[in-house]
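One structure is given below, encoded as structure tokens.
The values are calculated or read from the model by the stated rules, or taken from the named source; none is laboratory data. Predicted model only: the values in this text are computed from it and were never measured. Positions of Cβ are generated from backbone atoms using ideal geometry, with glycine treated the same way; all protein chains shown enter the neighbour counts.
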């Protein structure tokens with residue numbers, strides 16, 4: 001199957017690959033997927049305590065090109081958003097932006113899960129209740 | 001020599017046709033178009049003569065008699081004919097077939113079909129190196145066993161099964177031995193008598209011949225083997241396979257076998273040296289492992305897992321320039337990683353991280369150099385991007401993490 005231009009671009013020039021200090025209280029880390037399933041995403045956000053906006057986002061992903069592109073795109077979208085705005089990112093937005101075929105939709109679901117997991121980690125660290133995410137089929 | 005891109009390293013999927021094969025085939029499309037079954041005119045005689053000649057060429061390569069070659073549409077049909085044909089023909093003798101878990105789908109699915117028809121099938125596990133356990137094979141034989149179906153060389157990992165030992169066990173118990181020779185014929189010396197083979201399938205397009213043609217070897221002496229035809233019609237191919245013969249395809253298969261007969265030995269040496277060079281260079285990467293037995297295997301194949309990177313993601317790094325296959329789930333419609341690699345006891349994670357290299361007649365040293373660099377670079381780049389690699393480097397045991405399976 002041929003990849004879309006956007007997937008190839010994110011794969012070839014991934015944005016925001018890296019690691020934030022997970023010990024910091026204003027850093028939230030989400031690790032989703034499983035090695036046996038062929039994809040694992042780790043997505044991290046750093047929240048600016050003054051403005052409440054996401055000042056930095058990083059990812060590392062083990063997976064196919066679509067999984068790498070989905071997480072790269074997610075970090076791009078996260079930067080500059082508030083936590084509430086970040087929660088509204090839907091996997092179908094990623095599907096649309098990257099032109100993912102049906103067989104790759106699970107990559108976008110994983111990216112959405114990673115965003116939610118990172119936000120939850122941040123919330124728990126900062127004494128806020130964990131959000132119960134709606135479960136999407138993978 | 002100048003580097004030619006893209007590089008084709010998927011010769012276990014299919015091989016390009018040798019131009020000499022095409023040349024042999026060409027007259028049989030327009031000029032010599034006759035039906036080999038037309039007995040009353042020169043067009044038919046010409047076609048029949050070409051088929052007879054090809055039958056000799058094919059038989060010679062595997063040490064068989066020409067009468068023992070049944071032409072089919074390919075190895076899938078030959079596998080089906082062998083398995084279902086023996087099951088039906090020997091129904092009064094028994095209904096049990098022994099095969100193994102790393103066989104090609106054309107064998108496994110034909111066996112599944114036979115089970116639905118009331119047959120009993122034993123699927124032997126393979127050992128960690130991909131070879132079957134001969135003691136387990138012998139122990140599986142019952143008084144109802146009619147056939148042992150074990151492939152010659154594996155398509156994914158290239159492992160060559162101990163065919164002679166298997167046939168000895170089969171003979172000892174009066175059981176027929178069928179082998180899927182698709183990947184082995186034309187690549188390594190195969191001799192149906194020395195190897196003790198009763199039935200063997202193979203195809204044209206895995207050995208520089210055309211697609212859409214293959215053959216089933218069916219032993220005629222010691223013992224005389226018969227299969228029930230799976231297609232009814234004009235009674236071609238000694239009644240075992242009806243259907244107008246694919247004359248150009250058969251001519252091509254014959255020519256491909258003749259070329260292999262002359263060039264196989266030198267080609268095998270050249271390809272195994274090239275394969276070893278590729279393999280050794282890639283094994284210099286940390287956490288890279290060869291899947292399957294490295295001693296008993298086809299000369300042109302290697303299958304390597306690069307831990308902590310995913311196969312499809314890996315291929316994307318170079319698939320503009322290099323064509324090969326991965327055991328990763330993402331390359332198949334099923335989203336399941338390779339059942340062959342899983343049968344070796346590899347974890348799904350290693351199966352997801354595998355690449356299969358299939359070298360061929362037209363592979364050059366320059367292409368291998370390019371491939372080594374491209375794959376090394378991509379593995380290193382993706383590991384920088386891999387959370388699993390980071391954890392591994394930090395000494396975190398990945399098995400200690402509770403993964404969210406989905």
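Quick notes on this structure:
- Options A:58, A:24, A:81, A:15: the member that is more than 9 Å from every other protein chain (Cβ to nearest Cβ), at pLDDT below 95 and surrounded by fewer than 24 Cβ atoms within 10 Å (Cβ to Cβ): A:15
- One residue alone among B:248, B:210 is outside any strand (DSSP E or B), more than 22 Å from the chain's Cα centre (by Cα), within 23 Å of residue B:27 (Cα to Cα) and modelled with pLDDT of 95 or more, and that residue is B:248.
- Residues within segment B:351-389 that are within 16 Å of residue A:18 (Cβ to Cβ) and in contact with a strand residue (DSSP E or B) (Cβ under 6 Å, 6 or more places away or on another chain), tallied: 4
- Any helices (runs of 4 or more DSSP H) falling wholly within segment B:1-98 and containing at least 1 residues that are touching a strand residue (DSSP E or B) at 6+ places or on another chain (Cβ under 7 Å) and buried (at least 19 other Cβ atoms within 10 Å of the Cβ): B:42-61, B:75-89
- Residue that is farther than 19 Å from residue B:317 by Cα and surrounded by fewer than 16 Cβ atoms within 10 Å (Cβ to Cβ), where the choices are B:395, B:360: B:395
- Test: residue in segment A:116-123 that is over 13 Å from the mean Cα position of the chain (by Cα), part of a loop (DSSP other than H, G, I, E, B) and touching a residue at least 40 places away in the same chain (Cβ under 8 Å): no
- For segment A:1-12, a residue qualifies if it is in contact (Cβ under 8 Å) with a residue 12 or more places away in the chain, within 11 Å of chain B (Cβ to nearest Cβ) and part of a loop (DSSP other than H, G, I, E, B), and the qualifying residues are A:1, A:3.
- Taken together, the residues in segment B:68-114 that are without any contact (Cβ under 8 Å) to a residue 24 or more places away in the chain and within 27 Å of residue B:159 (Cα to Cα) amount to 4.
- Single match in B:179, B:122, B:142 (criterion: crowded, with 22+ Cβ neighbours inside 10 Å and not in a helix (DSSP H, G or I)): B:179
- Criterion (closer than 30 Å to residue B:346 by Cα, at pLDDT 95 or above and within 17 Å of the chain's Cα centre (by Cα)) met by exactly one of B:169, B:160: B:160
- Residue count for segment A:30-55 satisfying the condition of being without any contact (Cβ under 8 Å) to a residue 60 or more places away in the chain and within 8 Å of another protein chain (Cβ to nearest Cβ): 6.
- Pairs with Cβ under 7 Å, 6+ apart, first in segment B:392-406 and more than 9 Å from chain A (Cβ to nearest Cβ), second at pLDDT 85 or above and part of a loop (DSSP other than H, G, I, E, B): B:392/B:308
- Yes/no for residue B:259 being touching a residue at least 40 places away in the same chain (Cβ under 8 Å), in contact with a strand residue (DSSP E or B) (Cβ under 7 Å, 6 or more places away or on another chain), away from every other protein chain (no Cβ under 14 Å) and on the phi < 0 side of the Ramachandran plot: no
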